[in-house]
1. If Lys and Arg each add +1 and Asp and Glu each add -1, what is the summed charge of the other residues whose beta carbon sits under 12 Å from the beta carbon of LYS104?
2. In whole Å, what are the Cα extents of the range 98-207 along the three principal axes, biggest one first?
3. Karplus couplings for the range 245-254 from phi (6.51 cos²θ - 1.76 cosθ + 1.60, θ = phi - 60°), rounded to Hz, Gly and Pro as x?
4. List every residue whose amide H lies under 5 Å from the amide H of LYS203, counting only residues 5 or more places away in sequence or on a different chain, with H placed 1.01 Å from N in the peptide plane.
5. In the neighborhood of ASP137, defined by Cβ-to-Cβ distances under 11 Å, what is the net charge if each Lys or Arg adds +1 and each Asp or Glu adds -1?
6. If you filter the range 10-75 for trypsin sites (Lys or Arg not before Pro), then keep DSSP loop positions with at most 14 other Cβ within 10 Å, what is left?
7. Would you mind checking the range 1-30 for residues with the amide N under 17 Å from a putative spin-label position 7 Å along Cα→C-beta of SER80?
8. At a threshold of 8 angstrom on Cα-Cα distance, excluding pairs fewer than six apart, so keeping six or more, what relative contact order does the range 1-127 reach in percent?
Amino acid sequence: MKIKETATVIHQEELASGIFRLVLETKICDYAVPGQFINIFPNDGSKLLPRPISICEINKEYGLMVVVYRVAGAGTKEFSELKLGDRVEVMGPLGNGFPLEGQKAIVVGGGIGVPPMYELARQLPGDVIAVMGYRNDDLFLVEEFTDVASDLIIATDDGSVGTHGTVVDAMRENHLTADVIYACGPKPMLKAVAEYAKEKDIKCYVSMEERMACGVGACLGCVCQSTEKDDHSHVNNKRVCKDGPVFLSTEVVL
């Protein structure tokens with residue numbers, strides 16, 4: 001069920017340089033699952049389009065939702081200035097979520113693809129290994145993943161923490177295997193993770209990051225190339241916001 005409402009800001013903090021954790025009180029919690037996202041609408045009327053932001057944490061008991069986002073433009077800059085008690089228009093939950101599968105799973109996040117993997121790691125039924133990639137030692141959500149995963153492996157581009165290299169370098173270094181792999185991050189990372197999964201004969205789900213306008217599948221601004229024809233457009237395209245953002249790695253061209 002998708003709803004649009006005015007949410008209340010409960011807390012906000014900067015986790016790392018330009019990375020903010022925003023806690024909202026919203027009924028969207030009642031329907032959200034790991035891997036979905038919400039649209040947050042700027043209060044500034046000159047900014048017409050909402051900003052899609054992945055869900056990091058869902059607390060159904062208290063009706064609280066956590067999103068973690070990077071300030072990338074005027075809209076997210078406005079969000080970073082929200083304070084306790086402020087009100088903001090939201091819509092969601094949007095897109096599809098991750099299926100909860102396997103007795104042993106690897107969750108992989110890169111950059112701003114790290115936050116949506118946290119709620120997934122919390123809800124997966126079996127053993128979870130978390131592999132998180134960052135640019136440098138300006139890390140975030142490390143304590144949270146340490147609490148929910150049996151093992152946390154970190155890779156950094158500059159080698160300041162953990163494996164010097166990519167998340168796949170870290171996976172190879174640690175000879176990781178599992179029943180299923182879940183990944184969210186930039187497309188080159190997803191492609192490398194999908195290739196690793198294919199090599200190891202592991203089922204793999206990827207959450208695509210694309211620029212979105214409407215967030216509900218109407219504008220076709222976020223299509224990605226698919227391996228099979230889409231029921232909606234009858235071409236080899238899928239709408240990331242509506243058909244995704246979560247896909248089997250074999251469903252999409254990375």
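1. -3
2. Computed over the Cα atoms, the extents are 33, 29, 22 Å.
3. Running phi through 6.51 cos²θ - 1.76 cosθ + 1.60 with θ = phi - 60° gives x, 8, 9, 5, 4, 7, 7, 10, 8, 9 Hz.
4. The list, which skips near neighbours in sequence, is ILE181.
5. With Lys, Arg at +1 and Asp, Glu at -1, the net is -2.
6. The qualifying sites are LYS47, LYS60.
7. Answer for this model: 12-23.
8. 32
Read-outs throughout are calculated quantities, based only on the coordinates presented, and are distinct from any laboratory measurement. Keep in mind that this is a model prediction, so the values were computed, not measured. All Cβ positions, even for glycine, are placed from backbone atoms using ideal geometry, and neighbour counts span all protein chains on display.
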